[in-house]
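Peer 1: Questions regarding the structure given below will be posed in turn.
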Amino acid sequence: MITQEEFEEIVVNVLERDISSNEDQKKAIIAKSNESLFLVAGPGSGKTTVMVLKILKYIFVDDISPEEIFATTFTRKAADELYSRILGWGDQIKNHIFDTTDDFDLIGEINRIDFNQIKVGTIDKLAEEIMRQNKQPGTNNPIVIEKFVANSAMIKILSEDERYKNASSYPNSRFNEL
């Protein structure tokens with residue numbers, strides 16, 4: 001596919017996203033493909049942007065197939081925004097590569113990328129989808145208790161070290177304005 005440097009150049013020049021000014025965001029985006037990431041930050045801090053760029057890096061740099069990628073978030077609105085950006089920015093990157101290369105092998109690889117194969121949704125939605133796909137024939141569809149998993153995870157995260165009491169844990173959050 002393309003190199004890390006080429007990807008970063010496309011992100012800055014084509015997508016017009018500055019990934020150098022925030023070191024934590026850049027680290028998350030360029031982290032190795034075998035590292036799991038859990039992003040926690042306040043509203044408007046760039047979580048969705050980081051997730052989208054990380055997913056696109058997996059595809060264009062690490063050569064990970066879109067059907068191997070699961071992206072979860074806590075709300076449907078965030079999942080919809082995540083999916084929309086993946087499709088939009090992914091197509092911008094594909095079109096840029098088509099316009100700037102003569103490498104027919106690369107064009108063929110890029111042409112086969114189908115962003116619709118990425119599974120994006122809330123934890124509940126994706127869990128329900130997986131259970132439905134793997135249910136035994138003749139059995140009822142599984143029922144996922146809405147928000148149970150998400151609420152449990154959020155409570156665990158916030159209560160682990162009582163970070164919610166410390167505004168400095170969320171430097172870009174409106175929490176600091178209270």
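Only the coordinates and a few stated rules stand behind these numbers; no lab work does. Note that the structure is predicted; figures quoted are calculated from it, not measured. Positions of Cβ are generated from backbone atoms using ideal geometry, with glycine treated the same way; all protein chains shown enter the neighbour counts.
Peer 1: Which whole-Hz ³J(HN,Hα) couplings does the stretch 120-126 yield from phi under the Karplus relation 6.51 cos²θ - 1.76 cosθ + 1.60, θ = phi - 60°, glycine and proline marked x?
Peer 2: 10, x, 6, 4, 4, 5, 5
Peer 1: So which chymotrypsin sites (Phe, Trp or Tyr not before Pro) in the stretch 1-103 pass both tests, a DSSP loop state and at most 12 other Cβ atoms within 10 Å of the Cβ? Provide the component values of the computation, followed by the final result.
Peer 2: Details: sites: PHE7, PHE38, TYR58, PHE60, PHE70, PHE74, TYR83, TRP89, PHE98; in loops: PHE38, PHE74.
For chymotrypsin sites (Phe, Trp or Tyr not before Pro) across the stretch 1-103 that sit outside H, G, I, E and B with at most 12 neighbouring Cβ atoms in 10 Å, the list reads PHE38.
Peer 1: Give the aspartates and glutamates whose C-alpha is closer than 18 Å to that of LYS26, dropping any in the same chain fewer than 8 places away, or say none.
Peer 2: GLU5, GLU6, GLU8, GLU9, GLU16, ASP18, GLU35, ASP62
Peer 1: Tell me the volume per residue, in Å³, of the convex hull enclosing the alpha carbons of the stretch 1-135.
Peer 2: 112 Å³
Peer 1: Same structure again: Hey, can you grab everything whose amide H is under 5 Å from the amide H of GLY42? Only 5+ residues off in sequence or another chain; H modelled, so Pro and N-termini drop out.
Peer 2: Those qualifying (amide H under 5 Å, at least 5 residues apart or on another chain) are ASN172, SER173.
Peer 1: Right, another one. Loop-only trypsin sites (Lys or Arg not before Pro) in the stretch 40-139, please: DSSP not H, G, I, E or B, and at most 11 other Cβ atoms within 10 Å.
Peer 2: ARG112
Peer 1: Whole-Hz ³J(HN,Hα) for each residue in the stretch 27-41, computed from phi via Karplus 6.51 cos²θ - 1.76 cosθ + 1.60 with θ = phi - 60°, x for glycine and proline: what do you get?
Peer 2: Rounded to whole hertz, the list is 4, 5, 5, 8, 4, 4, 5, 8, 9, 7, 10, 10, 9, 10, 6.
Peer 1: Counting Lys +1, Arg +1, Asp -1, Glu -1, what net charge surrounds LYS135 among other residues with beta carbon under 12 Å of its beta carbon?
Peer 2: -1
Peer 1: For LEU37 and THR100, calculate 0.36 nm times their separation in residues minus their Cα-Cα distance, and state this gained length in nm to one decimal. Please report the intermediate quantities before stating the final value.
Peer 2: Details: separation 63, 0.36 × 63 = 22.68 nm, distance 3.19 nm.
Length gained between LEU37 and THR100: 19.5 nm.
Peer 1: THR139 versus ARG112, label points 7 Å from Cα toward the beta carbon: distance in nm?
Peer 2: It is 3.5 nm.
Peer 1: I would also like to ask the following. Quick one: which of LYS47/LYS125; LYS57/LYS119; LYS54/LYS135 span more than 24 angstrom between C-alpha atoms?
Peer 2: Working: LYS47/LYS125 20 Å; LYS57/LYS119 16 Å; LYS54/LYS135 32 Å.
LYS54/LYS135, as the Cα separations exceed 24 Å there.
Peer 1: List the residues whose amide H sits under 5 Å from the amide H of THR122, counting only those 5 or more places along or on another chain, with H placed 1.01 Å from N in the peptide plane.
Peer 2: THR73
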